[in-house]
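Notes follow once the structure below has been shown.
The values are calculated or read from the model by the stated rules, or taken from the named source; none is laboratory data. All values derive from a computational prediction rather than experimental measurement. Here Cβ is always computed from backbone atoms with ideal geometry, including for glycine, and neighbour counts include all displayed protein chains.
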Ligand SMILES: Nc1ncnc2c1ncn2[C@@H]1O[C@H](COP(=O)(O)OP(=O)(O)O)[C@@H](O)[C@H]1O
Ligand SMILES: [Mg+2]
């Protein structure tokens, strides 16, 4: 008897500054996935938000410059279901070249970083389509993406977050002097200014004085309607991988040695010179503390599947601060998230397998809940 393989739709690319990272992550996953157990259906999303299935979407995205304008997009149409969104790249008699066939996936692995991928929007679409998917659900994705809300939730759960102020862009534009006074009353220099909903350090600056604070808020305001001003510290960057649904586990922590004075966009993607230390050279007590905090942060936002939880460790006091939680972390074979699992005893291929199984488990568990309420039995 042949057992039908599980069909995994790998979703990559997307309308995000991390489009290229996503392609590399997805390629890594497609190469390493257990082929005896899974069939892969690659689904590419262009930078304009066009969805592609059939043919070779990976190759098409890599050659994006001369891509033919034959693909439907979410923005172009009113999607009644996922079907109208997934349109064949190349018409022809292959199994994957009809929109209906494209829907024949058992589970989706969204390998999309940042806005329109990691923020609950795609997760919402998959919920509507009734498809199981890897990773956090809608709420945890959206909360994890929004630094202001995430910090509020973490603080409510007693987790250590650095002091911060949330500033709406309209308030900044209306009365900059008032905002500066507010920040200077609550925080000391250096401060960090950030857009609330972004990643990759885009729009993040360090402010050592009032002039830099003003410039930093102006810069962050280019990217979001909500801004964060945070207490800056001289920090070591410690990261932990978390895996699981209701009973998550944490990996050994790792440390990043950025190539610049902080882990900026350039340090992440341009220099290509930031070092990863695995495991992080911290004491056993600190290791345990960090792992415990990572799992607590994960549970606090009701996360599922996976997350990389990032910490800042104060160089002068060794104090540990929870910085942020990424629900779809970089997933290339040399990214921190899989590297930390490898060092903890879970290989890249096994990690992919576990994540897909977790997605199917979660889907089943969510499906156990009643969706109708029988009023005749109401008391
Ligand atoms: N409060 C802070 N103190 C010191 N460094 C910080 C602080 N906040 C952010 N940074 C630096 O900026 C980087 C990017 O900030 P982060 O909040 O992680 O945004 P992103 O989601 O874009 O990665 C961090 O990795 C760290 O190097
Ligand atoms: Mg970060």
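Quick look at the values:
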| quantity | calculated |
| --- | --- |
| Selection within the stretch 169-197 - under 25 Å from residue 116 (Cβ atoms) and surrounded by fewer than 16 Cβ atoms within 10 Å (Cβ to Cβ) | 170 |
| Sole residue being part of a strand (DSSP E or B), on the phi < 0 side of the Ramachandran plot and in contact (Cβ under 8 Å) with a residue 40 or more places away in the chain, chosen from 307, 294 | 307 |
| Boolean, residue 204 is at pLDDT 95 or above and buried (at least 20 other Cβ atoms within 10 Å of the Cβ) | no |
| Selection from the stretch 317-338 of residues that are within 26 Å of residue 146 (Cα to Cα) and not in a strand (DSSP E or B) | 319, 327, 328, 329, 330, 331, 332, 335, 336, 337, 338 |
| Residue match in the stretch 217-228 (condition: in a strand (DSSP E or B) and within 9 Å of ligand 1 (Cβ to nearest atom)) | yes |
| Single unsatisfied condition, residue 215 versus (1) modelled with pLDDT of 95 or more; (2) surrounded by fewer than 21 Cβ atoms within 10 Å (Cβ to Cβ); (3) within 25 Å of residue 20 (Cβ to Cβ) | (3) |
| Matching residues in the stretch 24-58 - criterion: being out of contact with any helix residue (DSSP H, G or I) (no Cβ under 9 Å at 6 or more places or on another chain), assigned to a helix (DSSP H, G or I) and crowded, with 20+ Cβ neighbours inside 10 Å | 25, 57 |
| Conditions (1) more than 16 Å from ligand 2 (Cβ to nearest atom); (2) more than 25 Å from residue 319 (Cα to Cα); number of the one not met by residue 248 | (2) |
| Residue 279, sole failed condition from (1) at pLDDT below 95; (2) part of a loop (DSSP other than H, G, I, E, B); (3) surrounded by fewer than 19 Cβ atoms within 10 Å (Cβ to Cβ) | (1) |
| Failed criterion for residue 335 (all others in (1) within 16 Å of ligand 2 (Cβ to nearest atom); (2) over 14 Å from residue 254 (Cα atoms); (3) at pLDDT below 95 hold) | (2) |
| Selection count, the stretch 251-266, where residues are surrounded by 15 or more Cβ atoms within 10 Å (Cβ to Cβ) and in contact with a strand residue (DSSP E or B) (Cβ under 9 Å, 6 or more places away or on another chain) | 11 |
| Sole exception among (1) touching a residue at least 24 places away in the same chain (Cβ under 8 Å); (2) over 25 Å from residue 40 (Cα atoms); (3) in a loop (DSSP other than H, G, I, E, B) for residue 343, by number | (3) |
| Residue count for the stretch 229-250, restricted to those that are assigned to a loop (DSSP other than H, G, I, E, B), within 11 Å of ligand 1 (Cβ to nearest atom) and crowded, with 17+ Cβ neighbours inside 10 Å | 2 |
| Some residue of the stretch 288-301 being in contact with a helix residue (DSSP H, G or I) (Cβ under 7 Å, 6 or more places away or on another chain) and farther than 24 Å from residue 119 by Cβ | no |
| Of all residues making up the stretch 317-342, the number that are over 13 Å from residue 291 (Cα atoms), within 12 Å of ligand 1 (Cβ to nearest atom) and more than 16 Å from the chain's Cα centre (by Cα) | 1 |
